[in-house]
Amino acid sequence: MIELSTLDFVIIIALFVLILFIGIYVGKTSGKSSSQYFLSGRNMPWWLLGLSMVATTFSTDTPNLVTDIVRTNGVSGNWVWWAFLVTGLLTVFVYAKLWRKSEVKTDIEFYELRYGGKPARFLRGFRAIYLGILFNVLAMAGVTLAAIKIGEVMLGLDPLTTVVIAGLVTAIFSAIGGFKGVVYTDFILFFVAMAGAFGAAYYIVGLPEIGGLDALIQHENVSDKLNILPDFGDTEMLVALLIIPLAVQWWSSWYPGSEPGGGGYVAQRMLAAKNENHAIGATFFYNIMHYALRPWPWIVVALASLIVFPDLASIQEAFPNVSEDKLGHDLAYSAMLTMLPSGLLGLVLASLSAAYMSTISTHLNWGASYVVNDFYAQQVKPTASEKELVRVGRITTIVLMVISASIALLLTNALQLFDIILMFGAGTGLIFILRWFWWRINAWTEISAMVASGLISILIAFTPLGDYMFGEAGIMPGYLRFPFVVFSSMAIWLTVTFLTKPESKSVLYRFYRKTQPGGPGWRKVVSEARSENKTIVQSSEAWSVPSGILAMLLGIAFIYSAMFTTGYFIYGEYSKAFSLMAVSIISGLLLIKVWKRIKGKVL
């Protein structure tokens, strides 16, 4: 437990007051209609949306998750989420323009654009509850769990007190301000959060216990955790930490903020953009900041924590008031922050509060948009007025906050929740990619995938079958658990796809006419439309996906090399750092040329 100075309290309270003021200020315009409340009239610029995405994914549980990963599996363990860069850049260069063309209010509304009849209606309503409530509150619970741990370690607060304080301000400004309030406050929260993260890392490295970067890198507790790539001599770790994330995970699994083909709150921001160019610019800017800039301050603090708190016993000894059910390696990040001086401590606590509020407010507004637009307005009361929809959105915001906070009180660590959500989305991701470019995907494809991945995940994760099949005593190695769920689910939904009827021609024609996806996967539909003298191709432009994939590959080289350049500079390995810097610059210049050929300048 630490003592906050007057300066610390002033910084924290000033942030809270400013956030509440913004939420109340924009509340009048946000409450005019559901479109304003959830998309701010579709006129947002790329840079504001991009910063909002970065702020949203900089949540209180993210530093804790990274710390848990680094302490358990080393720096290379972060490939479990670094691999999602491939998903992100595929969204940037292929799917962003398609989402903006669709003009739907939510990505769940997409189901009744792409599919037809009762299955599409069911899918839209069910997914609105399944994702907007079930998965959404789990994600928010993980963020709130991190806030609980920060409150316990740094301030000596009991979990319930932390939940009430942290959740109350966030729920109020989210309910009043809507999407515009979320995005405007994200702009401020981004800079506060980044300043806190970099300030904390810089100060902690200079502590006498650490002795500077060189001493940190050479310490015996740290030296074997530094590899950016897993040990190629350890097959199990290589497969689990690198090969499966890069070869299977990024395209096969649904995870909030990293959905294959775009979706969730990322899609919400693309749909709120001024136009297609701004949607592309926002998502690309987000991926650069999310992967190339942000990880290293958290990683540095995580590595430093191995010196001060080498194991769980040392954390428990230092913070005896922490309840046993909340003790985990992710606590080490908060533990290290207790060593900060007055002023910087206030800034860091404000930054963590900013990270919490940004993420939770986004999830609240996004989840409420599903409940209002895709369930209430479709399934419950189609005649509801715009004012009623906004009112339901605000009530839903409060309810989601209460449910997620209650679940957070039952959880132990962030990595546990990450694995659960990842497993439940396994096998569904490929559908989100293919449904844009293959006419044969239908509503039953998605329904069967959702059911199959959920049931198989439950059987593997929560019954003796999982232990019988995977792990040291199982038939297969533990790292095959995730691919098993993926390919089992895929086998089921592919079978269902070919056993059920395709969508009607009218539905397929309508979708193609609206989004213009192009490609060989739609050749049959385009040909049939022409034979019926129906025009569904609205543009003579060549199919842009091949160029988009080339841009994606160049973007991957640009961002990964930039991220690794930073890492090797921190490690003092300057030859590697300068070599990768050259790769980053060259791939960046080539990317600019390809990008101009696809869309022209975003700015």
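Values in this text are rule-based calculations from the coordinates and carry no lab data. In this text the structure is predicted, and so the values were computed from the model without any measurement. Cβ sites come from the backbone with ideal geometry, for glycine too, and all protein chains shown count toward neighbours.
Over 30 Å between C-alpha atoms is what I'm after, so list which of Lys180/Lys381; Lys381/Lys524; Lys180/Lys505 land there.
Lys381/Lys524; Lys180/Lys505
Quick one: what Rg and Dmax do you get for the range 82-132 from the alpha carbons, in Å?
13.1, 39
So if I restrict to the alpha-carbon atoms in the range 207-273, what is the Rg, and what is Dmax, the biggest pairwise distance, in Å?
18.8, 49
Which entries of Lys105/Lys534; Lys225/Lys593; Lys101/Lys576; Lys387/Lys596 show an alpha-carbon separation above 32 angstrom in the structure shown?
Distance filter (> 32 Å) returns Lys225/Lys593; Lys101/Lys576; Lys387/Lys596.
Which order do the peptides 316-322, 295-301, 10-16 come out in when sorted by mean C-beta neighbours inside 10 angstrom, highest first?
295-301, 10-16, 316-322
Rg and Dmax of the range 281-420, Cα atoms, in Å?
When restricted to Cα atoms, the range 281-420 yields Rg and Dmax of 19.9, 62 Å.
If packing is taken as the mean number of other Cβ atoms within 10 Å per residue, what is the order of 146-152, 356-362, 521-527, highest first?
356-362, 146-152, 521-527
So what is the diffusion coefficient of the range 421-548 in µm² per second by Stokes-Einstein at 37 °C and 0.692 mPa s, using a Kirkwood Rh over Cα pairs?
The diffusion coefficient I find is 197 µm²/s.
How large is the charge dipole for the range 47-139, taken about the Cα centre, if only the Cβ atoms of Lys, Arg (+1) and Asp, Glu (-1) carry charge, to the nearest 20 debye?
For this selection, approximately 400 debye.
Using the Cα centre as the reference, give the magnitude of the dipole from point charges on the C-beta atoms of the range 425-503 (Lys, Arg: +1; Asp, Glu: -1; all else neutral), rounded to the nearest 20 debye.
Computed about the Cα centre, the dipole is about 260 debye.
Just need the Rg to Rh number for the chain, please, alpha carbons only, Kirkwood Rh.
Using Cα coordinates only, the ratio equals 0.96.
Sorted by mean Cβ packing within 10 Å, highest first, what order do the peptides 503-514, 335-346 take?
Ranked from most to least packed, the peptides come out as 335-346, 503-514.
Using only the alpha carbons of the range 247-342, what is the convex hull's orientation-averaged projected area in square nanometres?
9.9 nm²
Within the P(r) computed for the range 69-219, what percentage of the Cα pairs occupies the region above 26 Å?
Tail fraction, whole percent: 52.
Tell me the angle of helix 276-287 to the major Cα principal axis of the chain, expressed in degrees between 0 and 90 and rounded to the nearest ten.
So the inclination is approximately 30 degrees.
May I ask for the angle, rounded to the nearest 10°, between helix 295-308 and the longest principal axis of the chain, with both axes built from Cα atoms and the value confined to 0 to 90°?
Computed tilt is about 30 degrees.
What ratio of Cα Rg to 2.2 N^0.38 Å holds for the range 156-257?
1.62
Over every pair of different alpha-carbon atoms in the range 517-603, take the mean of 1/r and invert it; report that Kirkwood radius in Å.
15.7 Å
How many nm is it between the label spots at Asp467 and Arg513, if each spot is 7 Å from the Cα in line with the beta carbon?
Placing both labels 7 Å beyond Cα along the Cβ direction yields 5.9 nm.
Can you check what the net charge comes to around Pro477, using other residues whose Cβ is under 14 Å from the Cβ of Pro477 (Lys, Arg +1; Asp, Glu -1)?
-3
Please give the helix 61-73 orientation as an angle from the longest Cα principal axis of the chain, in degrees from 0 to 90, rounded to the nearest 10.
Result, in degrees: 70.
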